[in-house]
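Asks: One structure follows; several queries about it will come next.
The values are calculated or read from the model by the stated rules, or taken from the named source; none is laboratory data. If you're wondering where the values come from, they're calculated on a predicted model, not measured in any experiment. Glycine also receives a Cβ, built like all others from the backbone with ideal geometry; neighbour counts cover every protein chain displayed.
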Amino acid sequence: MICASVALAMFQLWPIIFGHNSNSEASASMPVPHMVAAVATSSAAPIKAAASTPIGPPQSCYNHYRAVYSACAKGDRACHLHAADAWDLCEATGTWPN
């Protein structure tokens, strides 16, 4: 356990101690940091409208599932599973997948 701890400490501290040139520039083995611009996001719906929207799946998901399930051939397990997956996605996203 002690050997593993010492090896891990050396692995983490080696670039800090020996990773810089005499000019205090980072060596080629160290990654160059990239700056990423921050993007502000805003909600398109006003707060009052967003609070009044119902949360949950639309009422037509189950009806759509029943129609797709009944259109499958009897014993077609793949078709039934596809209908069940689409129903689950409809409940999660609010729209029936294509």
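Asks: Going residue by residue through segment 79-91, is there one that turns out to be at pLDDT below 90 and either among the charged types (D, E, K, R) or out of contact with any Ser or Thr (no Cβ under 9 Å at 6 or more places or on another chain) (or both)?
Replies: yes
Asks: Kindly provide the set of residues from segment 49-72 that are assigned to a loop (DSSP other than H, G, I, E, B) and modelled with pLDDT of 90 or more, ordered by number.
Replies: The first filter runs over segment 49-72 and keeps only residues assigned to a loop (DSSP other than H, G, I, E, B), leaving 53-59, 72.
Across segment 49-72, the qualifying residue is only CYS72.
Conditions (1) modelled with pLDDT under 60; (2) in a loop (DSSP other than H, G, I, E, B); (3) β-branched (Val, Ile, Thr), marked per residue:
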position: ALA9; (1), (2), (3): no, no, no
position: SER29; (1), (2), (3): no, yes, no
position: VAL32; (1), (2), (3): no, yes, yes
position: ALA38; (1), (2), (3): no, yes, no
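Asks: For segment 71-98, give me each residue that is under 15 Å from CYS61 (Cβ atoms) and of a type in the set (Asp, Glu).
Replies: Answer for segment 71-98, where residues must be under 15 Å from CYS61 (Cβ atoms) and of a type in the set (Asp, Glu): ASP85, ASP88, GLU91.
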